[in-house]
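This report concerns only the one structure given below.
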Amino acid sequence: MHPLTIWLLSPYHTGSHKAWAEGYKAISRHSVHLFILAGRFWKWRMQGGAIELAQQATAADKHPLPDLVLATDMTNLAAWLALMRGALPAQVKTVLYMHENQLTYPWRPGEKPDLTYAMINWLSQLCADLVLFNSEFHRRSWFSELPNLLKHFPDYIHLEQIEQVEARSRVLPVGIDNQDGNRPRKEPVAPLILWNQRWEYDKRPDRFFDLLYKLEDAGHDFRLAVAGENFRNVPAEFQEAEQRLAHRIEHWGFLPSRKEYQALLQRTDLVISTAEHEFFGISMLEAVQAGAFPLLPDRLSYPELIPSDLHPACLYSDDEDLYEKASMRLRMPRAAPPSLRRAVREKYVWPVVARAYDDQFAELSGAPTAAQQ
């Protein structure tokens, strides 16, 4: 059986979107062709990116026509399909992958919510043959809030279509790199705490750094590494922490080199999330797979990532619980339990995830899955 030809539309091609698209392309047994736009101006990407993506697709004479189109949630899929009318075979299937959504994603303080972008998400879902979410938490939160979005409008809101779209939705996680199990031998130094999320308000850096100040005041010894993507509007907490914790900083800033980033993960003892919002949690899984012990909120998508028997050790209920667990891990550092690393490897590494994608897309297109061949 010949592999499918998949066109992957990634109009905001940076960060986790880029890692996802390129990770799947590299591992898939299908033939995946990327159509991408630079990861900036997210509102314009959702409003107008479909025009450029359609231009790229119609100029793609060197690529065979697709059996399936896979688009990220930043794509206005309804507009792209309209622009591609007559250029695509009628049997081509469409899949929308929801990395995030613009309905339950928190707006920055002081910003007024704009329903335009959530409606683009909804119209794209209506057009798709299959809607994929990166976590069950994400899927559930979207469909729970969607009726409230539609009820903002005066008439013809078609609430009955929510159930139809939900019925053709599935959960398939993002894949991560499979790191070897060998952590470098460490000299007897203070434990290394890592921040490896976006430098954004919804990740609650204020909570993270307040925890570190409290740990320092209590006499705990630790080192600090702050990585992750940062943007033009960096929360003020980072500037303050860079000064107050300068004597503890081992690394500060985004690491563009994947090799350097993975080396940092392998040196990390403790990775902490204080996020107010998280649809998946790829940065936490990457750190755990490299051997870092995680402390994560007992909410959002995090309980899905951690086996239930490890919830008491790895998940915290509130700020006080986080402080107690972090204090213990600084007094008694340990790597992520082998059972946790094994669970992550068996569920989230790219060879496993790509196979699930491949089979799902083959089934949708009427082609045999790997098990049927």
Highest mean packing first, using Cβ neighbours within 10 angstrom, the peptides 279-291, 154-166 sort as 279-291, 154-166
Along principal axes, largest first, the alpha-carbon spread of region 37-116 in whole Å comes out as 46, 20, 18
Carbon plus sulfur, as percent of the 1.4 Å-probe accessible area of region 41-137, comes to 55
Magnitude of the Cβ-charge dipole (Lys and Arg +1, Asp and Glu -1) of region 249-373 about the Cα centre, nearest 20 debye, reported as 620
Tilt, helix 258-267 to longest principal axis of the chain (alpha-carbon atoms), in degrees rounded to tens, equals 40
Per the 1/(1 + (r/R0)^6) rule, R0 = 56 Å and r from the Cβ atoms of residue 111 and residue 332, FRET efficiency to 0.05 is 0.85
Checking region 199-260 for trypsin sites (Lys or Arg not before Pro) in a loop per DSSP with at most 11 other beta-carbon atoms within 10 Å yields 232
Expected max-MSF residue from 309, 358, 298 in the GNM of the chain (alpha carbon, under 10 Å) is 309
Any trypsin sites (Lys or Arg not before Pro) in region 60-99 that lie in a DSSP loop and have at most 14 other Cβ atoms within 10 Å would be 62, 85
FRET efficiency (residue 206, residue 309; Cβ distance; R0 45 Å; to 0.05) is 0.90
Whole-percent tail of the Cα-Cα distance distribution for region 150-285, cut at 27 Å, equals 36
Over region 36-82, the quotient of the Cα radius of gyration and 2.2 N^0.38 Å is 1.15
Between the residues 311, 254, 333, the Cα farthest towards the positive end of the dipole of the chain, that dipole coming from +1 and -1 charges on the beta-carbon of Lys, Arg, Asp and Glu, is from 254
Checked against a 28 Å limit on the C-alpha separation, the offending pairs among 18/259; 93/203; 25/151; 93/259; 43/151; 203/347 are 93/203; 25/151; 93/259
Probe 1.4 Å, heavy atoms of protein chains only: per residue, the accessible area of region 69-122 in Å² is 41
Length gained, residue 145-residue 236, 0.36 nm per residue minus C-alpha separation, equals 29.7 nm
Across 5 Å bins beginning at 0, the whole-percent shares of Cα-Cα pair distances in region 1-145 come to 2, 9, 19, 24, 21, 14, 7, 3, 1, 0, 0
Counting only backbone N atoms under 11 Å from a point 7 Å out along Cα-to-Cβ of residue 189, the residues of region 216-252 in range are 223-225, 249-251
Relative contact order of the chain (C-alpha contacts under 8 Å, at least 6 apart) in percent is 16
Magnitude of the Cβ-charge dipole (Lys and Arg +1, Asp and Glu -1) of the chain about the Cα centre, nearest 20 debye, reported as 960
The local net charge around residue 139, scoring Lys/Arg +1 and Asp/Glu -1 for residues other than residue 139 whose Cβ lies under 9 Å from its Cβ, equals 0
Quick calc, region 219-286, dipole around Cα centre from Cβ unit charges on Lys, Arg (+) and Asp, Glu (-), nearest 20 debye, gives 240
For residue 324 and residue 356, extending 7 Å from Cα along the Cα-Cβ vector and measuring point to point gives, in nm, a value of 3.3
Expressed to one decimal in nm², the mean projection of the alpha carbon convex hull of region 221-313 is 6.9
Summing -39500 (n - 2.57) over every DSSP H run of at least 4 in the chain, dividing by its residue total and rounding to the nearest 500, the 222 nm mean residue ellipticity is -13000 deg cm²/dmol
As a Kirkwood estimate from alpha-carbon pairs, region 92-200 has a hydrodynamic radius in angstrom of 17.0
So, over other residues within a Cβ distance under 12 Å of residue 336, counting Lys, Arg +1 and Asp, Glu -1, the net charge is +4
With label points set 7 Å from each Cα along the Cα-to-Cβ direction at residue 277 and residue 172, the distance between them in nm comes to 2.6
Taking only the Cα positions of region 257-309, the convex hull volume per residue in Å³ is 81
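The values are calculated or read from the model by the stated rules, or taken from the named source; none is laboratory data. Being a predicted model, the structure only gives us computed values, none of them experimental. All Cβ positions, glycine included, derive from the backbone under ideal geometry; neighbour counts span all protein chains shown. In case anyone asks, the SASA skips ligands and DNA or RNA and just uses the protein heavy atoms, side chains included. Shrake-Rupley method; radii C 1.70, N 1.55, O 1.52, S 1.80 Å.
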